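Here the structure is laid out as structure tokens; the discussion comes afterwards.
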Amino acid sequence: MDHFSYWWVIVVGFFLLLFTGVKTINQGFVGVVTMFGKYQRVLNPGLRFLIPFLEQIYRKVSIQNRSVEMEFQAVTADQANVYFKSMLLYSVQNADEETIKKVAFKFLSERDLMQALTRTIEGTIRSFVATKRQAEILGLRKEIVEYVKEQIDHLLEEWGYHLLDLQINDITFDKAIMDSMSRVVASNNLKAAAENEGQALLITKTKAAEAEGNSIKIAAEAERIAAQLRGQGVALFREEVARGMSQAAEQMKQANLDTNVILFSMWTEAIKNFAEVGKGNVIFLDGSSESMQRSMQQIMAMMQMKSNPNQSQN
């Protein structure tokens, strides 16, 4: 009975010893195994076995993406204080053994890594900002990120890490500078508004001048056409008068009447019309018999030219 109890104790002790060597590595991590303080191997995620009491997991290294927020101050070339709020996204380069060894043994702890990483990025941004003026900084977010990546990529590779992204979420200045910037923006807005208003006024006046010019052109064209039509009307009136007088003279000739009678009638009718439509204006006429005779002779000559156009041409 005592002999059986002895073997039972040995079996239980063996399983207990074996169980102490069983370790679990979670997904997203790799285990770094050392023996007597010296690197031995890398354990991938899953259930893994160690040599009990000899091997131990020195560190579990995360290969997942990690982020950290940073706030720091920089000074521009014109001595303006700039305050940055940024977010850093980084990760282990890969799960290769050499990379994992760098990550596990370069720094004493995760805290030391984070301190070195953030201080390096802050120093890089400060050196960039020191070469720029305050007025330029707000428009240089992209340039700052590209400069930081270019400067620290090689350094991070030596540590076994890779910079995935750097986002500058906020850039602010001292209150006095922010107030002056607000005034500059407000004055620029007023200037732009004044320029827009001036351009609008110029366009309005230009369009009004164009409209007035077009109106003058249209009025002039209308007056020209009206004058032409009036001239045509007067010409037609005179033509009709001459035709009527010629016909009347011809009929008087056929009736063996003296044509001077119709001329005298027309002369007296004209004087009557002068009196009726003169509107009080004074019109001086030579009422002598010689003047009337001379006027009648002129009218007769005009009528003869109208009735014998071929002779006048010859």
Counting other C-beta atoms within 10 Å, and keeping those with at most 13, which DSSP coil chymotrypsin sites (Phe, Trp or Tyr not before Pro) do you find in region 21-105?
Phe36, Phe53
Tell me, what are the semi-axes, in whole angstrom and largest first, of the equivalent ellipsoid of region 39-93 as set by the roots of 5 times the Cα gyration tensor eigenvalues?
44, 12, 8
Mean 1/r over distinct Cα pairs of region 66-173, inverted to a Kirkwood Rh in Å, yields 14.6
Below 15 angstrom from the Cβ of Leu43, what's the summed charge of the other residues (Lys, Arg +1; Asp, Glu -1)?
+3
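All of the numbers you see were taken from the coordinates with simple rules; none came from a lab. Since the structure is predicted, the reported quantities are computational estimates derived from the model, not experimental observations. Glycine also receives a Cβ, built like all others from the backbone with ideal geometry; neighbour counts cover every protein chain displayed.
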